[in-house]
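*Asks:* One structure coming up, written as structure tokens, with questions to follow.
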Amino acid sequence: WYLSQLQFVDAMPGCASQFWHCDNTARGLTFLIPLVPTTAENGPTELFPSSQRIWQSSASDANDGGGEEPPGSDELGSPAATGAAMKSFLNLISTAQLQDVAPVRAMVGPGAAIIYDSRTLHRGRTNLTSARRPALVLRYDMLSTPPPGMGAVATSMVRVVGDIAELKIEGS
């Protein structure tokens with residue numbers, strides 16, 4: 001394990017919501033440490049519970065002891081593997097209880113840590129206040145699976161499917 005990212009994020013007043021994304025397609029840990037209280041108004045991080053599990057079903061995950069991928073399997077983070085993971089995610093949204101899959105907004109005080117699996121689909125929400133919302137982000141990954149774990153096509157797929165899943169949940 002190594003510290004793969006140390007970032008200062010500052011959600012400025014009026015900034016738009018981020019698009020749905022994950023930090024890596026392989027197991028890792030993300031620590032988000034707000035430096036001011038995080039409220040519904042100043043753009044909390046929003047996470048899809050259990051979404052990290054979709055990556056395990058799409059391809060062999062070296063971090064899960066899978067070792068070498070079986071012949072013909074898709075590499076994690078490839079468009080094909082991401083497509084399979086997104087199909088699993090939409091199936092999860094369709095079959096699970098709403099309270100088990102609806103996005104959760106992490107609202108905590110300054111200095112508290114929000115810790116999540118780096119494969120979790122998440123985004124920062126719009127800052128509707130006139131004040132900044134600074135935070136520190138630390139991410140730990142394995143040397144064998146450095147971030148981001150996917151390219152532009154796969155990232156775009158995650159973005160679109162996150163929006164579709166959110167619309168499905170809101171329509172339920």
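*Asks:* How much accessible surface does K168 have with a 1.4 Å probe, in Å² rounded to 10?
*Replies:* Result for K168: roughly 90 Å² accessible.
*Asks:* Any chance you could run the full-extension gain for S94 through S50? It's 0.36 nm times the residue separation minus the Cα-Cα distance, nm to one decimal. Show your work: numbers first, answer last.
*Replies:* Details: separation 44, 0.36 × 44 = 15.84 nm, distance 1.35 nm.
Difference between extended and current length: 14.5 nm.
*Asks:* May I have the extent of the alpha carbons of segment 126-172 along their three principal axes, as whole Å values ordered from largest to smallest?
*Replies:* Reported extents, whole Å, longest axis first: 39, 31, 19.
*Asks:* To continue, here is another question. Mind checking which of M157, W20, L35 is farthest towards the positive end of the chain's charge dipole, using Cβ charges of +1 (Lys, Arg) and -1 (Asp, Glu) about the Cα centre?
*Replies:* L35
*Asks:* Further question: Applying the Karplus parametrisation 6.51 cos²θ - 1.76 cosθ + 1.60 with θ = phi - 60° to the phi angles of segment 107-116, what ³J(HN,Hα) value in whole Hz is obtained for each residue in order, glycine and proline being reported as x?
*Replies:* My calculation for segment 107-116 gives 10, 9, x, x, x, 6, 10, 9, 10, 8 Hz in order.
*Asks:* Here's a follow-up. If contacts are Cα pairs under 8 angstrom and at least 6 residues apart, what is the relative contact order of the chain in percent?
*Replies:* On the way: 377 pairs, mean separation 83.4, N = 172.
Taking the mean separation of contacting Cα pairs over the length of the chain, I get 48 percent.
*Asks:* Okay, moving on. Starting from the Cα-Cα distance between V160 and H21, subtract it from 0.36 nm times their residue separation and give me the gain in nm to one decimal. Write down the numbers at each step before the final one.
*Replies:* Numbers: separation 139, 0.36 × 139 = 50.04 nm, distance 0.96 nm.
Stretched fully, the V160-H21 segment lengthens by 49.1 nm.
*Asks:* Taking square-rooted eigenvalues a ≥ b ≥ c of the alpha carbon gyration tensor, is the chain rounded, prolate or oblate, where a/c under 1.5 means rounded and, failing that, a/b exceeding b/c means prolate? Spell out each step's value before the answer.
*Replies:* On the way: a/c = 2.12, a/b = 1.38, b/c = 1.53.
Since a/c reaches 1.5 but b/c is at least a/b, the shape of the chain is classed as oblate.
*Asks:* Can you list the HN-Hα couplings for segment 152-162, worked out from phi with the Karplus curve (6.51, -1.76, 1.60; θ = phi - 60°), rounded to whole Hz and with x for Gly and Pro?
*Replies:* With coefficients 6.51, -1.76 and 1.60, one gets 5, 5, 5, 4, 5, 4, 4, 4, 5, 5, x Hz.
*Asks:* Moving to a separate point now. Under a point spin-label approximation (7 Å from Cα along Cα-to-Cβ), what is the L6-E170 distance to one decimal in nm?
*Replies:* Calculated label separation equals 3.9 nm.
*Asks:* Convert each backbone phi in segment 25-33 into a coupling constant with the Karplus relation 6.51 cos²θ - 1.76 cosθ + 1.60 (shift: θ = phi - 60°), then list the ³J(HN,Hα) values in order as whole Hz, x for Gly and Pro.
*Replies:* Each residue of segment 25-33 in turn: 8, 10, 4, x, 10, 10, 10, 10, 10 Hz.
*Asks:* A113 to L143: extension gain in nm, 0.36 nm per residue of separation minus the Cα-Cα distance?
*Replies:* Details: separation 30, 0.36 × 30 = 10.80 nm, distance 2.37 nm.
Additional length available on full extension: 8.4 nm.
The values are calculated or read from the model by the stated rules, or taken from the named source; none is laboratory data. Fair warning: this is a prediction, and the values are worked out from it, not measured in the lab. FYI the Cβ positions are ideal-geometry reconstructions off the backbone, even for glycines, and counts take in every protein chain you see. Note: areas computed on protein heavy atoms with side chains; ligands, DNA, RNA excluded. Shrake-Rupley method; radii C 1.70, N 1.55, O 1.52, S 1.80 Å.
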